[in-house]
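Please read the structure below before turning to the comments.
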Amino acid sequence: MLYKTINLSAIERNYCRALEKSKKFVFPVIKSNAYGCGLKEVVKTLTSKFDIPLFCVSSLDEASAFLRLKAGCDVLVFETPRKRLVDHPNIVYSLNDIKEIKTISHLKNRRVHIQYDLGHHRSNIFTKEKLDEAFLMCQQNDIQVDGLYGHLRLHSDKKAIGVMETLFPHYEVKYKHLCSSETYLNNIGNAIRIGSNLYGDGLDPKFEQAIELYTYASRIIRAHKGDTFGYYPGFTATESCLLAELPIGYAVGFLRNYSGSMLYCNNHLYPVVGAISMNSLLVKVDRYVPKKAKFYLTSKDYPLTYFAQNNSLYNPEMLLLFHPEHIIYKKD
């Protein structure tokens, strides 16, 4: 059984930090169920504390889920929808290709942010001439351009940042922003979006980690030298030892190649040994561990960076990789 604790107060503080340090409008990214932290809970928490002008999602389905919360805020859809567009006063579409203007012009509510491509090939608008054409065609089709933005491939890409610094002054729009959580300190534009940093992905230590992942031992095994455990390649005890059997496995996202990972329990690190099954794995411990003790994949005291680096993962993946059976929300 895998448990996930989500500290909503930490998410509040992370948003507040981005707001205070950037001195700009801050758009929370809530795609993928708010990075696994719960769309409903995160939106409710943030809107109860802050006056948020715009949330960001990837898909139209996510935007529709957001609208059902009746938060009264706008939501920007980054990706070009492959289905019929939803006509709603709070939905803002990212204009990624001039060809999309025809579809958007059929709506009653016509609002967009134009995305200028900075190397991702996420937009077909990649020259100033194309950008000027997009603005002109929006004007001709009575489409309101609320924002202009670019998505950085790397937050420190000076060339790309320079491109947007040159473009921004030429256009009168409400929001000018860059997409990358780490750009909150860049002195460019008047808005930022905050993604995985909002949930404490560990890439910037100034943001608090909001999640904990843990389980409890189902039993403690006293192994003798020569005893074997699990599927091949299993674990063979080379000496008498203690093994904690944990009731998690690849069914909840703890993959077989994570064998050798270190888990944190009672201020000690213990290795996962042997083959990982669908619903269980073994951890070699050096002392008796009571059943009430938590074995953490990650926690405030054992940041997700450690598990990520140990398994060649990108930090934000840790927010989404695992599928806990129990989710607990807390505020401190």
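Derivation of every value follows stated rules applied to the coordinates shown; laboratory data play no part. Owing to the predicted nature of the structure, the values given are computational and were not obtained by experimental measurement. Glycine gets a Cβ as well: all are built from the backbone with ideal geometry, and neighbour counts include every protein chain shown.
List of remarks:
- Among the GluC sites (Glu not before Pro) found in the stretch 131-224, those both in a DSSP coil and sparsely packed, with 10 or fewer other Cβ atoms within 10 Å of their Cβ, are E172.
- Comparing mean-square fluctuations of Q140, Q209, Q115 from a GNM of the chain with C-alpha springs under 10 Å, the top value falls on Q140.
- Cα radius of gyration and Dmax for the stretch 1-131 (Å): 16.2, 56
- Computed over the alpha-carbon atoms, the stretch 137-263 gives an Rg to Rh ratio of 1.29, Rh here being the Kirkwood radius from the mean inverse distance.
- The trypsin sites (Lys or Arg not before Pro) of the stretch 157-217 that meet both conditions, a loop assignment by DSSP and at most 13 other Cβ atoms within 10 Å of the site Cβ, are K206.
- Summary of packing: across the peptides 267-275, 241-249, the per-residue average of other C-beta atoms within 10 Å ranks them, highest first, as 241-249, 267-275.
- For the residue pairs K176/K331; K23/K70; K31/K108; K21/K294; K40/K176; K31/K291, the C-alpha atoms sit more than 29 angstrom apart in K176/K331; K21/K294; K31/K291.
- Principal axes of the stretch 226-332: Cα extent on each, largest first, Å: 46, 26, 24
- Taken along its principal axes, the alpha carbon cloud of the stretch 69-144 reaches lengths of 38, 27, 21 Å, longest axis first.
- With R₀ fixed at 41 Å, the C-beta to C-beta distance from D97 to Y250 puts the FRET efficiency at about 0.55.
- DSSP-loop chymotrypsin sites (Phe, Trp or Tyr not before Pro) across the stretch 251-301, with at most 12 other Cβ within 10 angstrom: Y288
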